[in-house]
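The values are calculated or read from the model by the stated rules, or taken from the named source; none is laboratory data. Bear in mind the structure is a predicted one, so any value in this text is a computation, not a measurement. So basically every Cβ, Gly included, is an ideal-geometry build from the backbone, and we count neighbours across all protein chains shown.
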Amino acid sequence: MREDFPILGKSVNGHPLVYLDSAATSQKPRQVLDAERDFLTRSNAAVHRGAHTLAAEATDLFEDARTTVAGFVGAAPEQLVWTSGATAGLNLVAYAIGNATLGRGAPASARFALRPGDELVVTEAEHHANLIPWQELATRTGAALRHIPVRDDGTLDLDAAASLIGDRTRVVAFTHVSNVLGIVNPVAELVALARDAGALTVLDACQSAPHLPLDLPALGIDLAVFSGHKMLGPYGVGGLYGRADVLEALPPFLTGGSMITTVTLDSAEYLPAPQRFEAGTQPVGPAIGLAVAVRYLEGVGLPAIHAHEQRLAARMGEGLREIPGIRLLGDAAGAERVGLWAFDVEGVHAHDAGQYLDSLGIAVRVGHHCAAPLHRRFGVTASVRASAALYNTDDDVDRFVEGVRGIRPYFGAGA
Ligand code: PLP
């Protein structure tokens, strides 16, 4: 399989590359690159508009891609909105709720309107993409933003969640898997709490979609986002999944061409979902590439991918725990995980640690990984993060662990 990923054969700083930064962006197999190029060289035309044969061919390919990607998360094609990525999807939802609060949308949109005293709930472990749009919505509407705390072991404090989520809660937005802690969060429990409170649920599935079987309707979630480039797909494309009744009632965010039925100089009427949320020219080639990416993941099998990555995570965790001065963030015993660990190296700044690993050809991410509040909660400003994907091997993990073993001695910070 690794031969499908030409970049994995590269040498970096005189060493064969060990790529452990897939949580930031995954590598892409040849099949995905070929699909985009084939589309552009053989079938490219503007979708949904042209009356010519090529336009019909491009439209079919684009809509087939929607069916494939929707099916990947257990959904029907009309439940999948193309976005440019997870950040765009989360902003779409937050701004649509803001528009409902302004009285925009169909009469059914009123169910999303926020009133003074309403609360939006997120977790302390969110990526900034699933935090700042809610901060902005709270500021614009006067709603209050609350957060579910993370325990010392990296799990969510469900007791606190139960007392926090109540009559005033209108939205519960949370990540399926934190991009820092790697722990699979208890979606069913949080959905049950939100349902009892009559709140809308929004799932950030960026770090779960490429790594474990995902059936969004079965999870009972109302809305969810994922990002193409993190799941073997191209940049510039992502998905927003929605329950049919929720998408149908939600007002649009971006407006313009391709999302309307009739337009006068003073007003416009909008298409049903998903087109109502797809104003302007869509990322057609990337969507077709993403369909090939999810077929690739399905071909390997999500259960097999999850099992492989859990094994890599266990191997990595065991190796790192033995190294003096390494503190793993979110080392909950027995937690279901993806292949991701973030850690602090005592006495060495994360950026120095990352550079040392890079000198050995090992690519990891350093910094706050767009989750600054979570790092603050663990008393650090930055961490080193290693994140695996289906193409990583035991040998990658062993070279990485050996590399980490060398960090503190190299910087004279300890054994
Ligand atoms: N949510 C999580 C958990 C992420 O890890 C990321 C990317 O790092 C995002 C959201 C944002 O995704 P994108 O930048 O592709 O929009």
Looking at the range 119-147, which of its residues are of a type in the set (A, V, I, L, M, F, W, C) and either within 19 Å of the chain's Cα centre (by Cα) or assigned to a helix (DSSP H, G or I) (or both)?
121, 122, 125, 129, 131, 132, 134, 137, 138
Limited to the range 1-60, what total is found for residues that are assigned to a loop (DSSP other than H, G, I, E, B) and either within 16 Å of the ligand (Cβ to nearest atom) or surrounded by 15 or more Cβ atoms within 10 Å (Cβ to Cβ) (or both)?
16
Those residues that are under 18 Å from residue 91 (Cα atoms) and not in a strand (DSSP E or B), I need them from the range 164-198; list them, please.
176
Does residue 269 satisfy the condition of being within 30 Å of residue 314 (Cβ to Cβ) and among the charged types (D, E, K, R)?
no
Would you confirm whether or not the range 81-95 contains a residue that is more than 16 Å from the ligand (Cβ to nearest atom) and of a type in the set (A, V, I, L, M, F, W, C)?
no
Which ones in the range 106-145 are within 16 Å of the ligand (Cβ to nearest atom), among the aliphatic types (A, V, I, L, M) and surrounded by fewer than 21 Cβ atoms within 10 Å (Cβ to Cβ)?
132
Which condition number in (1) surrounded by fewer than 16 Cβ atoms within 10 Å (Cβ to Cβ); (2) closer than 20 Å to residue 254 by Cα is the one that residue 77 fails?
(2)
Limited to the range 244-272, what total is found for residues that are more than 27 Å from residue 221 (Cα to Cα) and aliphatic (A, V, I, L, M)?
4
If you go through the range 69-118, how many residues are of a type in the set (S, T, N, Q), within 30 Å of residue 297 (Cα to Cα) and not in a loop (DSSP other than H, G, I, E, B)?
4
Looking only at the range 176-215, which residues are under 22 Å from residue 311 (Cα atoms) and not aliphatic (A, V, I, L, M)?
176, 178, 179, 182, 185, 186, 206, 207, 208, 210, 211, 213
Which one of 32, 69 is under 21 Å from the mean Cα position of the chain (by Cα) and farther than 30 Å from residue 173 by Cα?
32
So residue 106, is it of a type in the set (A, V, I, L, M) and at pLDDT 95 or above:
no
Within the range 166-186, is there a residue that is among the charged types (D, E, K, R), assigned by TED's automatic domain parsing to the domain that holds residue 230, away from the ligand (no atom under 15 Å from the Cβ) and under 26 Å from residue 238 (Cα atoms)?
yes
Could you identify the single residue in 195, 243 that is assigned by TED's automatic domain parsing to the domain that holds residue 62, more than 14 Å from the ligand (Cβ to nearest atom), touching a Gly at 6+ places or on another chain (Cβ under 8 Å) and of a type in the set (Lys, Arg)?
195
Restricting attention to the range 210-228, and to residues there that are of a type in the set (Gly, Ala, Ser) and buried (at least 23 other Cβ atoms within 10 Å of the Cβ), which single residue is farthest from residue 112 (Cα to Cα)?
228
